[in-house]
Amino acid sequence: MRPFKFTNTSNASSAINLLIKNPNAKFLAGGTNLLDLMKEDVERPDELIDLGRLDLTAVRPLVTGNNVVGISIGGLGKNTDAANHPLIRKDYPLLTKAILAGASAQIRNMATNGGNLLQRTRCSYFYDIAMPCNKRLPGTGCSAMQGINRMHAIFGWSDSCIAVYPSDMAVALSALNASVKVMQPSGTARIIAIHDFHRLPGNHPEKDNNLDHGELITAIEIPKNKFAANSAYIKVRDRNSYAFALVSVAAGLELAGGKIISASIAMGGVAHKPWRATHAENILRGKMATVENFQMAADAEMEDARPLAHNKFKIGMGKKTIVYALEQAFKGTGYKA
Amino acid sequence: MNENKTKLTEEEKKLFGDLMPEELDEIISSGLNRRHFMKLMGLASAGLLASHLIGAEQLFARSAEIGDIADLAPAAIENGINVSFKVNNTAKKVLIDSRATLLDTLRERLDLTGSKKGCDHGQCGACTVIVDGKRVLSCLTLAATCEGKSVITIEGLAKDNELNPMQAAFLKHDGFQCGFCTPGQICSAVALMKEAKEGQASFVTADVRQNQQSVILSDEEIAERMSGNICRCGAYPNIVAAIKEAQTGKNVEQTWLFAG
């Protein structure tokens, strides 16, 4: 690991001030991804600003006037605490399931909610500093394009980068229409819709998201929804546990009897960001919740897929996972084992 | 050989005199070695050692002591950080390089080599320790972030001469083969008991919308919740049996299943 200065503070604005003074400084939250990447020499900050003492950990109802309109989750709260908060388990079980689908108990005890959003791809070529990688070193090329790309994207990739974004939590947040609340260097808050937070690679795969240097994630806000009992997070992976997704699907159905008022569907493991399945959602709106309709929606969603040499299987797997997630959501068993 | 390493107390002499009289002279003259340890483990698995075991464990730990390492002068470290924290309920103050992980600090600076460096990348769980009551990976924790915290390692689980029930259950059920992952497995399992008591959910929890205290963990729950600890010897059925027994306090028969 390269030398770095270790700085800490218990105050958000002073943390931001420290960061903007040094373009090579990084915030340190849980460190589960950053420290690993520093050991691999992929990340090379010369200063770490430890956020471990900042008081941005609370989970609390989001209130407008006298009305509870959603929930706010502290940016520096731990993943374990978010997943297990009674309000989240009851009203946002989709988020609980997605967080618990990721990593291991030890890592969830360390990882923060804001940090989870900022984790970087696990593309093996990104991790291997002997390999060209546009995300790690812009302009050097994409090794995965001609390499082993079984784990890689089928949607939204560019010639510059075919990596996928690894978070499970963010896939649920996408289906839940969450927003990311950040503090800017000026001290004012900026609210970024989760769909605008992460980016497709385009010509700048080195940028994973639209956060600027000096912006700090203070909270994740989730509006109320009407599908807590009819939601599901399904993750397909090479091992039963503790592995990244080949394909995952977060689904929520707002129902009136057997009829779908609206569907929220997002996919993980298929793109450079959580992939919102808008084609499928549009097809399902107003339709009966039948397996035939679920299949039609899944087929439509996967029509735009552009598979690579080694990941054609993700198209069939994606269809089946969408259908299965919708079935589980409809039956009300999606938040059960 | 440092004389301190091999000098036995009267109590320890009695222990080895009882357990392996033919080895006593050798232990006194040249210290403990791996062969003695293997013999002890053989006695342990035959159930002949329970009451003596802790004394023996402590003696082995003592035999590995390498004396105090003189701290480096502050000027010798470019990004030196002074960290004060508790390790196994003892206050420690160390000057570290900002890059030092908690794992390396425990092993290299505090002589607590129980926590193991397996992958050093957060994938195997061998370095699991308990920080402020929660299991974490010491290889992905900077020691500099541990200021004021309380760290419990495998060396801190026993109370005086009494094993932690999880340690005893791992011994009884042979929850290991080579033993390299065992300190991490046991620390992880000890913290898991608290998580289950608090009613924390896992990905395989029957219904995450129901909050439930004091969850009794099924085999499937234990497997999911322990998935961050890899055992390449594959002692998993024994580990699951040990955790079940430690949790319920009841005798548990080991169940063998082929991976589904």
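Derivation of every value follows stated rules applied to the coordinates shown; laboratory data play no part. What you see is a predicted model; the values in this text were computed from it and never measured. Here the Cβ is made from the backbone with ideal geometry for all residues, glycine too, and neighbour counts use every protein chain on show.
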Distance in nm between pseudo-label sites at A:Lys207 and B:Asp174 (7 Å out along the Cβ direction from Cα): 6.0 nm
Antiparallel bridges, percent of DSSP beta bridges restricted to the stretch B:74-155 (to nearest 5): 90 percent
Inter-centroid distance (Cα atoms) of the stretch B:163-228 relative to the stretch A:163-187, Å: 31 Å
CD proxy at 222 nm, helix term only [per DSSP H run n ≥ 4: -39500 (n - 2.57); per residue of chain A; nearest 500]: -8000 deg cm²/dmol
Partner chain coverage, peptide A:32-40 - average Cβ within 10 angstrom: 4
Relative contact order computed over the stretch A:228-331 (Cα-Cα under 8 Å; 6+ residues apart), in percent: 29 percent
Sites A:Ser124 and B:Ser29, calculated FRET efficiency, Cβ-Cβ separation with R0 60 Å, nearest 0.05: 0.65
Charge dipole (debye, nearest 20) of the stretch A:228-331; +1 at Cβ of Lys and Arg, -1 at Cβ of Asp and Glu: 260 debye
Beta bridge orientation in the stretch A:1-146: antiparallel %, DSSP, nearest 5: 50 percent
Mean Cβ neighbour count within 10 Å, used as a protection proxy, ranking A:229-236, A:22-29 highest first: A:229-236, A:22-29
Reach of A:Lys135 by Cα under 24 Å, taken over lysines that are not fewer than 8 positions away in the same chain: A:Lys26, A:Lys39, A:Lys207, A:Lys273, A:Lys312, A:Lys314
Counted charge near A:Asn79, where neighbours are those whose Cβ lies closer than 14 Å (Asp, Glu -1; Lys, Arg +1): +3
Cα centre as origin, Lys/Arg/Asp/Glu Cβ charges: chain A dipole, Debye: 560 debye
Debye-sum result for the stretch B:165-248 in log10 I(q)/I(0), which assumes one identical scatterer on each alpha carbon, at q = 0.21, 0.25 Å⁻¹: -0.91, -1.23
Residue order, fewest to most surrounding Cβ atoms within 10 angstrom, among B:Cys187, B:Cys233: B:Cys233, B:Cys187
Highest-fluctuation residue, A:Asn17, A:Asn66, A:Asn177 considered, GNM on chain A with Cα pairs under 10 Å: A:Asn66
Inter-part distance where the stretch A:231-267 and the stretch A:69-125 are each reduced to a Cα centre, Å: 16 Å
Formal net charge of residues neighbouring A:Asp41 (Cβ-Cβ distance under 15 Å; K, R +1; D, E -1): +2
Qualifying trypsin sites (Lys or Arg not before Pro) in the stretch A:146-214, DSSP loop, other Cβ atoms within 10 Å at most 15: A:Arg150, A:Lys207
Centre separation in Å (Cα based) which lies between the stretch A:1-41 and the stretch B:86-138: 20 Å
Most mobile listed residue (A:Asn79, A:Asn240, A:Asn225) in chain A, GNM with C-alpha springs under 10 Å: A:Asn240
Fraction of antiparallel bridges per DSSP, the protein assembly as shown only, in percent to nearest 5: 85 percent
Summed residue charge, Cβ within 13 Å of A:Ile265's Cβ, Lys/Arg positive, Asp/Glu negative: -1
Listed residue (A:Phe27, A:Ala12, A:Met38) projecting farthest to the positive dipole end of the stretch A:1-52, Cβ model: A:Ala12
Greater than 20 Å apart at Cα, pairs in B:Lys39/B:Lys172; A:Lys21/A:Lys181; B:Lys116/B:Lys244; A:Lys97/A:Lys331: A:Lys21/A:Lys181; B:Lys116/B:Lys244
Net lengthening on full extension, A:Glu254/A:Gln146 (0.36 nm per residue, minus Cα-Cα): 34.6 nm
Residue (of A:Met296, A:Leu200, A:Gly115) at the positive-pole extreme of chain A, dipole from beta-carbon charges: A:Met296
